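Q: Below is the structure I would like to discuss, written out as structure tokens.
Since every read-out is calculated from the coordinates, none of them should be taken as a lab result. Treat the numbers as computed from the prediction; the structure is a model and nothing was measured. No Cβ is skipped: glycine too gets one built from the backbone with ideal geometry, and neighbour counts run over all protein chains shown.
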Amino acid sequence: MTSTAQQHRIGSGFGAHSTAADVIAGVDLTGRTALVTGGYSGLGLETTRALAAAGARVLVPARRPDAARAALDGISGTEVGALDLSDLESVRGYAEGLLDTGRTLDLVINNAGVMAAPETRVGPGREYQFATNHLGHFALVNRLRPALAPHGARVVALTSSGHFLTGVRWDDIDFRTGYDRWLAYGQAKSANALFALHLDRLGAGHGLHAYAVHPGSILTPLQRHIPREEWAERGWVSETGAPRPGFKTPQQGAATTVWAATSPLLDAYGGAYCQDCDLAEQVPDDADDMLAGGVKSWVRDPEAAARLWTLSAELTGVDAFA
């Protein structure tokens, strides 16, 4: 039975220290096609590497195609295309080009994102982090729906414990007053989790499941907008610059993404929020240990997820499930 209500560990056999290579061992993805946004840097690169090693053809839409090709050199079975998630016309162009090939997608990994960016506006005044992390992926998946495999496609949306910071700010979603880069990031990460929850609700009857993934705390190029001195102030690194205990390597960080994309255990848990290669435990709304993670109630709220879906369809002009 598909459940979006159950949110507790199920005993996957993997954990916080498992790597993407551990999770993919014994999995055969020959003949399958995966799409990994931002699959050429940080966690995305490790995700691409693992899926390709298992035999998948991996499509990597990238804002910097030349950099992507250089990063993926030597990884067989990969293919780079141009895509800027903050530009809905770019999303439309990439999706239409892919649909024209007649390919079928078995896996879509919404991996690309920005964190704590300075105030930036894109399109008709949209807040940059919400536009990139959420709206771009929302439009991409909806436009690609005709390509999603009818026999059991999966969509994995990367979120994070950044969702602890705030839910969706319905009264000021674009931060037109009082911009805060961390709250904007938190809203985008809450949106990513709510997207997966509602996509699974819409798609489960058509062989489509979706999962939200918190990869853990990892130092990658995602932190490019955060000054190094702030890393120390936030307790991310020691005085020597080494990651604090509890931080993962990129290989460990990619493990939950790969697990959510491939584990048969998740067939019965559509829409789940995953962490440490398992389902995450729900934590109190006032919990503040972001390193420990867990999931808060506001990203498990089906009414909020449906409301966000409707709003996102209005803002992007696309809804494949209408």
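Q: Among 289-301, 57-69, 40-52, 173-185, how do they line up by average Cβ neighbours within 10 Å per residue, starting with the highest?
A: 40-52, 57-69, 289-301, 173-185
Q: Within a Cβ distance under 14 Å of Gln187, other residues only, what is the Lys/Arg minus Asp/Glu net charge?
A: On the way: positive: Arg126, Arg169, Arg176, Arg181, Lys189, Lys296, Arg307; negative: Glu119, Glu127, Asp171, Asp172, Asp174, Asp180.
Surrounding charge for Gln187 is +1.
Q: Given the convex hull of the Cα atoms of region 54-147, what is a quarter of its surface area in nm²? Could you put the intermediate results ahead of the total?
A: Values: hull surface 26.5 nm².
Dividing the Cα hull surface by four gives the mean projection, 6.6 nm².
Q: With contacts defined as alpha carbon pairs under 8 Å and 6 or more residues apart, what's the relative contact order of region 20-316 in percent?
A: Values: 610 pairs, mean separation 56.8, N = 297.
Across region 20-316, relative contact order equals 19 percent.
Q: How would you rank 188-195, 164-171, 102-109, highest first, on the average number of other Cβ atoms within 10 Å across their residues? Present the calculation step by step, with values, prior to reporting the outcome.
A: Numbers: 188-195: 27.9, 164-171: 16.9, 102-109: 20.4.
Packing order, densest peptide first, comes out as 188-195, 102-109, 164-171.
Q: What does the convex hull of the Cα atoms of the chain come to per residue, in Å³, rounded to a whole number? If you can, show how the numbers build up before the last one.
A: Values: hull volume 41.6 nm³, N = 322.
Hull volume normalised by residue count: 129 Å³.
Q: Given Cβ point charges of +1 (Lys, Arg) and -1 (Asp, Glu) and nothing else, what value in debye, to the nearest 20, does the dipole of region 47-101 about its Cα centre take?
A: It works out to roughly 260 debye.
Q: What does the charge dipole of region 62-152 about its Cα centre add up to, to the nearest 20 debye, if the Cβ of each Lys and Arg holds +1 and the Cβ of each Asp and Glu holds -1?
A: Working: 9 positive and 11 negative charges, 31 e Å.
Here the size comes out at about 140 debye.
Q: Can you run phi through the Karplus equation (6.51, -1.76, 1.60; θ = phi - 60°) for region 285-291 and list ³J(HN,Hα) in whole Hz, with x for Gly and Pro?
A: Per residue, the Karplus-derived 3J(HN,Hα) values read 5, 9, 5, 10, 8, 5, 5 Hz.
Q: So if each residue of separation counts as 0.36 nm, and I subtract the Cα-Cα distance between Arg176 and Trp298, what length gain in nm does that give? Don't skip to the answer; put the middle values down first.
A: Working: separation 122, 0.36 × 122 = 43.92 nm, distance 2.26 nm.
Going from the current span to full extension adds 41.7 nm.
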